[in-house]
1. How many residues does segment 1-33 contain that are loosely packed, with under 14 Cβ neighbours inside 10 Å, farther than 24 Å from Lys86 by Cα and more than 22 Å from the chain's Cα centre (by Cα)?
2. Considering only residues that are open to solvent by 30 Å² or more (accessible area, probe 1.4 Å), more than 30 Å from Lys148 (Cα to Cα) and without any contact (Cβ under 8 Å) to a residue 60 or more places away in the chain, which ones fall in segment 42-87?
3. Out of segment 107-124, which residues are among the basic types (Lys, Arg) and at pLDDT below 95?
4. Out of all the residues in segment 134-163, which are modelled with pLDDT under 65, out of contact with any Lys or Arg (no Cβ under 7 Å at 6 or more places or on another chain) and of a type in the set (D, E, K, R)?
5. Test each condition in (1) surrounded by 13 or more Cβ atoms within 10 Å (Cβ to Cβ); (2) more than 30 Å from Met141 (Cβ to Cβ) for Leu92 and report the one that comes out false.
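The values are calculated or read from the model by the stated rules, or taken from the named source; none is laboratory data. No experiment lies behind these values; they were computed from the predicted model shown. Positions of Cβ are backbone-derived with ideal geometry, glycine not excepted, and every protein chain shown enters the neighbour counts. In case anyone asks, the SASA skips ligands and DNA or RNA and just uses the protein heavy atoms, side chains included. Shrake-Rupley method; radii C 1.70, N 1.55, O 1.52, S 1.80 Å.
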Amino acid sequence: TAPITMTTELVRYLHFLGIIGIAGALVSQHLLIKKEMTPAEVKRASVVNAIYGVRALLALGAGVALWVAVGKPKEFYTKNGLFHAKFGLYLLLGGLSIVPTLFLRRSRAAGANVTPPKSVAMALRFQLLILLVMPLLASLMAAGVGLKSADDRVGSGAAETEVTPEEGADSDSE
């Protein structure tokens, strides 16, 4: 098992903050997009979109740090098919975020009331759907699901042996 360090826990915390921020920003954006939007509403949605971008970068940066620098060995992630699925969904999430971002940039430049195309709301809804699946993949991945061998699961908690009460009692008496 990889040692738990303050650095690792701080990076995990930043990763969670990024993910929670993404979720909050997506829900907020979805609620702010209306059939017709005033310039003030577009500006408000643009601010939320910028927050989304910052939080997405925070989640990505912390996630990459967890993968290659701190925490479990990078092979734990690299050899796991669920990690690749989760990372692919994250890239799709980022790609879909381009739709509302471009709409909001064009709308801010127009300075008049605008009608968002249906693709904006659909992109936001699809991102929310992806965000519902990603924690399941992360939970399964952390448990070692998706790894082919027990050796790959070392550090996940999945291949570790349990301490029986007798073994625990012996170690306390020393």
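1. 1
2. Arg44, Val47, Ala50, Ile51, Val54, Arg55, Leu57, Leu58, listed by residue number.
3. Of everything in segment 107-124, just one residue is among the basic types (Lys, Arg) and at pLDDT below 95, namely Arg108.
4. Matches in segment 134-163: Asp151, Arg153, Glu160, Glu162.
5. Among (1) surrounded by 13 or more Cβ atoms within 10 Å (Cβ to Cβ); (2) more than 30 Å from Met141 (Cβ to Cβ), the lone unmet condition for Leu92 is (2).
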